[in-house]
1. Does any residue of the stretch 7-18 turn out to be modelled with pLDDT under 95 and among the polar types (S, T, N, Q)?
2. Of the residues that sit in the stretch 361-378 and are aliphatic (A, V, I, L, M) and surrounded by fewer than 19 Cβ atoms within 10 Å (Cβ to Cβ), which one is farthest from residue 150 (Cα to Cα)?
3. Given the options 105, 84, name the one that is of a type outside the set (Gly, Ala, Ser), crowded, with 24+ Cβ neighbours inside 10 Å, out of contact with any Lys or Arg (no Cβ under 8 Å at 6 or more places or on another chain) and over 30 Å from residue 204 (Cα atoms).
4. Sort out for me the helices (runs of 4 or more DSSP H) sitting completely within the stretch 1-104 that have 3 or more residues that are within 15 Å of the chain's Cα centre (by Cα).
5. Residue 261 passes all but one of (1) without any contact (Cβ under 8 Å) to a residue 60 or more places away in the chain; (2) within 16 Å of the ligand (Cβ to nearest atom); (3) among the polar types (S, T, N, Q); which number fails?
6. Go over the candidates 62, 58, 68, 50 one by one and state the one that is at pLDDT 95 or above and within 13 Å of the ligand (Cβ to nearest atom).
7. When you check residue 230 against the structure, is it crowded, with 24+ Cβ neighbours inside 10 Å, more than 16 Å from residue 59 (Cα to Cα) and within 16 Å of the ligand (Cβ to nearest atom), yes or no?
8. Considering only residues that are surrounded by 16 or more Cβ atoms within 10 Å (Cβ to Cβ) and assigned to a helix (DSSP H, G or I), look in the stretch 414-435 and name the one that is farthest from the chain's Cα centre (by Cα).
Amino acid sequence: MSNSSGIERDSFSGRFAVVAAVAGSAIGLGNIWRFPYLTGENGGGAFLLVYLFFVVFVGIPVMTSEFVIGRATQRNPYGAFKKLAPGKPWYLIGIMGVAAAFMILAFYTVVAGWTLEYFYQSVAGNLSGKNDAELTQMFDGFVKNPFRPMLWFLVFMGLTAMINFSGVKNGIEKYTKILMPLLLILLIILCIRSVTLKGAAAGLTFLFRPDLSKINPQVILTALGQSFFSLSIGMGTLITYGSYIKKDENLASSASLVVASDTLIAVIAGIAIFPAVFALGGSAASGPGLVFIILPSVFQNMPLGIFFATLFFILLALAALTSTISVLEVIVAFMAEELNMARRKATIIATVSVSALGIITALSYGPLAGLKLAGKNVFELLEYLTSNIMLPLGGLFIVLFIGWFLNPELTKNELTNDGKFKGRFLPLFRFLVRYIAPVAIAAVFLYGLGIIKL
Ligand code: PFF
């Protein structure tokens, strides 16, 4: 397959490969680290309910739209908008996406580094025989350390760069196909252990019985942001991946399948964590340390605990890796195609510059903890700005573009593969991208940021 400039373009090899690669991007720390900690901080079941609403009514339309834009143009996000809307400012979405990729990589890879530390600690036997207080102390001590978080961050950045170096198809496909199913199995084992602990029922109630009085503007904005973050949408990652999808794949059904798997994994992670939190006496609102404190407790309560802990943290690291490569790919594809850089050179420049910001981020619970803006350290600031502001804003413009600007014939051709299938869902899709998704995002913005009050 070649694009207009005649360069051979990499592509995914088949249906399963597409879904696996996109699911590899979507499934990661967002599901297993971030979803539980945010659910714990934002009222449990109420958060889950709002989250599910956004996943279905905003997430699926935005993801499908990104695929359409990517596959129709065979370009990175910036180039894609330039091609579809020449002379118009839509390409700014692509620029914001590259900026968001930069910022996400700088904090996400730090957390990915935490999983490597825990993998190491588990192999070294340091996760056993500790109570909740000791595990909390261990986590706090680690993130405050002036070297280790930075070191692991750099290791992970290096791994990511190595895979992107060799290109999309060789790099990305191979890993996801085996890893995701394995991670799922391990999570299910964890769920079984967690729900059979004494006192586990309270955790299931917390997760599945929504207390609607907990819903407030902040909860809604956080749920919207998390749906974007978890699905890898709103910054053009899936425009980039969409550009590698072959012409005979069904875009809408691939998107729905990925959204369903991603959401399932998040909910399963919740089932693995909350019953244990309540049974073992932790706090649901422990923040970003939640899974790193609770899961080692669960492992201690099961046969072959060390073995499972080791396996878990390495799989989590690998799930994070299939996400970081997709984020780095946004920057690399942009630099390679728009700045005419060799792919390898682009990878190196992107990696070095992200690392500069990432090092600061890695130190933001330790030596740089005092560096704060609006009460947030560098890590929290990057996390807040990207997932609560930049991704939803990007998503808003993406659905507006598809719903109101782009010729509907083009969307129809992409979604029916030039009429090969009927596309009975098209009217529904159109309604979602024109009205429901943009109104939902805009309303949450105005409400969540305190601009309007109900
Ligand atoms: N979706 C990934 C996760 O849930 O771990 C994180 C992520 C990847 C966010 C790619 C954004 C992105 F473009």
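1. To start, the set of residues in the stretch 7-18 that are modelled with pLDDT under 95 comprises 7-18.
Narrowing further to those that are among the polar types (S, T, N, Q): 11, 13.
Checked against the condition, which is being modelled with pLDDT under 95 and among the polar types (S, T, N, Q), the stretch 7-18 yields at least one hit.
2. Only one residue fits best here, namely 374.
3. Working: 84 fails: crowded, with 24+ Cβ neighbours inside 10 Å.
Of the residues listed, the single one that is of a type outside the set (Gly, Ala, Ser), crowded, with 24+ Cβ neighbours inside 10 Å, out of contact with any Lys or Arg (no Cβ under 8 Å at 6 or more places or on another chain) and over 30 Å from residue 204 (Cα atoms) is 105.
4. Details: elements: 15-26, 35-41, 45-54, 60-73, 77-84.
Output list reads 15-26, 35-41, 60-73.
5. (1)
6. On the way: 58 fails: within 13 Å of the ligand (Cβ to nearest atom); 68 fails: within 13 Å of the ligand (Cβ to nearest atom); 50 fails: within 13 Å of the ligand (Cβ to nearest atom).
Just a single option satisfies the conditions, and that option is 62.
7. Numbers: crowded, with 24+ Cβ neighbours inside 10 Å: yes; more than 16 Å from residue 59 (Cα to Cα): no; within 16 Å of the ligand (Cβ to nearest atom): yes.
Taking the combined requirement at face value, the residue does not satisfy it.
8. Filtering the stretch 414-435 for residues that are surrounded by 16 or more Cβ atoms within 10 Å (Cβ to Cβ) and assigned to a helix (DSSP H, G or I), the one farthest from the chain's Cα centre (by Cα) comes out as 416.
The values are calculated or read from the model by the stated rules, or taken from the named source; none is laboratory data. No experiment lies behind these values; they were computed from the predicted model shown. Cβ: placed from backbone, ideal geometry, glycine included. Neighbour counts: every protein chain shown.
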